[in-house]
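Okay, so here's the structure we're looking at.
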Amino acid sequence: MHYLLTYDLAPDYLERRGEFRDVHLKLAWEAQERGELVLAGALAEPADHAVLIFNCETAEPVQLFAARDPYVTNGLVRAFHVRQWNTVVGDLASNPVRPG
């Protein structure tokens, strides 16, 4: 099952992220190595949101990731949202659907 974790980034995100980036990236790479985090990054121009795609059985690892992320705990993220994503097209789709 796929989940989207979206971050609403603070206006000063780019200026402040350097202090917390290594810990944030370590957390992200560890989640990727466990097979939970598929892809992640901030949106560009403007850098006002970030999107992280997870592949896990429940939303719990996604919620735990956000709760431990220094970007969240230090106010670089104004709000975060966890949504189940029903993927139907692509090699990694959780529920592939082909046309009849």
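The values are calculated or read from the model by the stated rules, or taken from the named source; none is laboratory data. This one's a predicted model, so the numbers in the text were calculated from it and none came from an experiment. Note that each Cβ is placed from the backbone with ideal geometry, even for glycine, and that neighbours are counted across all protein chains shown. Protein only, heavy atoms only, side chains kept; ligands, DNA and RNA dropped before computing areas. Shrake-Rupley method; radii C 1.70, N 1.55, O 1.52, S 1.80 Å.
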**Request:** Give, in whole angstrom and from largest to smallest, the semi-axes √(5λ) of the equivalent ellipsoid of the range 58-100, with λ running over the eigenvalues of the Cα gyration tensor.
**Result:** 31, 10, 8
**Request:** Could you work out how far helix 21-33 tilts from the main Cα principal axis of the chain, as a 0 to 90 degree angle to the nearest 10?
**Result:** 20
**Item:** Long-range HN-HN contacts of Val38 with modeled amide H, under 5 Å
**Value:** Ile53, Phe54, Asn55
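Within the range 31-99, which trypsin sites (Lys or Arg not before Pro) sit in a loop by DSSP and count at most 10 neighbouring Cβ atoms inside 10 Å? Don't skip to the answer; put the middle values down first.
Details: sites: Arg34, Arg68, Arg78, Arg83; in loops: Arg34.
Listed in order of number, the matching sites are Arg34.
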**Message:** What number comes out for accessible area per residue over the range 1-72 if the probe is 1.4 Å? Units Å², please.
**Reply:** 58
**Request:** Determine the gain in length on full extension of the stretch Thr87-Ala67; use 0.36 nm per residue of separation and subtract their C-alpha separation, reporting nm with one decimal.
**Result:** 4.7 nm
**Message:** So for each of 2-8, 46-52 I average, over its residues, the number of other beta carbons within 10 Å; can you give me the resulting order with the highest mean first?
**Reply:** 2-8, 46-52
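Full extension from His49 to Glu30: what is 0.36 nm times the residue separation minus their Cα-Cα distance, to one decimal in nm? Kindly include the intermediate steps, with their values, before the conclusion.
Numbers: separation 19, 0.36 × 19 = 6.84 nm, distance 2.17 nm.
Difference between extended and current length: 4.7 nm.
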**13 Å beta-carbon shell around Leu76, net charge (K/R +1, D/E -1)** = -2
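Keeping the other protein chains in place, figure out the carbon and sulfur percent of the accessible area of the chain, with a 1.4 Å probe. If you can, show how the numbers build up before the last one.
Values: 3500 of 6550 Å².
Carbon and sulfur: 53 percent of the exposed surface of the chain.
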**Request:** Tell me the label-point distance for the pair Met1, Asp22, using the 7 Å Cα-to-Cβ offset, in nm and rounded to one decimal.
**Result:** 3.7
**Extended-chain gain in nm, criterion 0.36 nm per residue less alpha-carbon gap, Thr58 and Asn74** = 3.2 nm
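Just in the range 9-100: which GluC sites (Glu not before Pro) are loop by DSSP and have at most 14 other Cβ atoms within 10 Å?
Of the GluC sites (Glu not before Pro), the ones in loops of the range 9-100 whose Cβ has at most 14 other Cβ atoms within 10 Å are Glu57.
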